[in-house]
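Engineer: I have a structure here, written as structure tokens, and I will follow up with some questions on it.
The numbers here are math on the coordinates, done by the rules we state, and not lab data. Keep in mind that this is a model prediction, so the values were computed, not measured. Using ideal geometry, Cβ is built from the backbone for each residue, glycine included, and neighbour counts are taken over all protein chains shown.
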Amino acid sequence: MITKCDHLQNLKFFKALPHAFTEHGALMAANVLNSPAAVRMSVFVIRAFVKQRETLAINQAVLRCLAEMDKKLLLHDSALSDIYKKLLPLL
């Protein structure tokens, strides 16, 4: 008996194979291979993913702080410009 799965028509499948594993894919591959070298490599890969995620989070926090500073500087520049324009005729 064959059923037609109409609800799966909208799924997109890529014809090309991926060039890299995700952290979950690396863990699954290590579980399938189940050798000491595969386990060591999966631990290494997962630690690399965790480190990358931490680095991205830190970079995002730094970028957020820089954006806030930029907004403040623009406000200060505008205020200083207004003061300068008001004082210029008096000088």
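Engineer: With no solvent and one point per C-alpha, what does the Debye sum give as log10 I(q)/I(0) for segment 24-90 at q = 0.13, 0.18, 0.29 Å⁻¹?
Structural biologist: Log10 I(q)/I(0), no solvent term: -0.60, -0.76, -1.08.
Engineer: Which ³J(HN,Hα) values in Hz, rounded to whole numbers, follow from the phi angles of segment 24-32 under the Karplus curve 6.51 cos²θ - 1.76 cosθ + 1.60, where θ = phi - 60° and Gly and Pro get x?
Structural biologist: Calculated HN-Hα couplings, in order: 5, x, 5, 5, 5, 5, 5, 5, 6 Hz.
Engineer: Sticking with this structure for a sec: What spacing in nm lies between the two simple spin-label points modelled at Glu68 and Arg47, each 7 Å away from Cα in the Cβ direction?
Structural biologist: 3.4 nm
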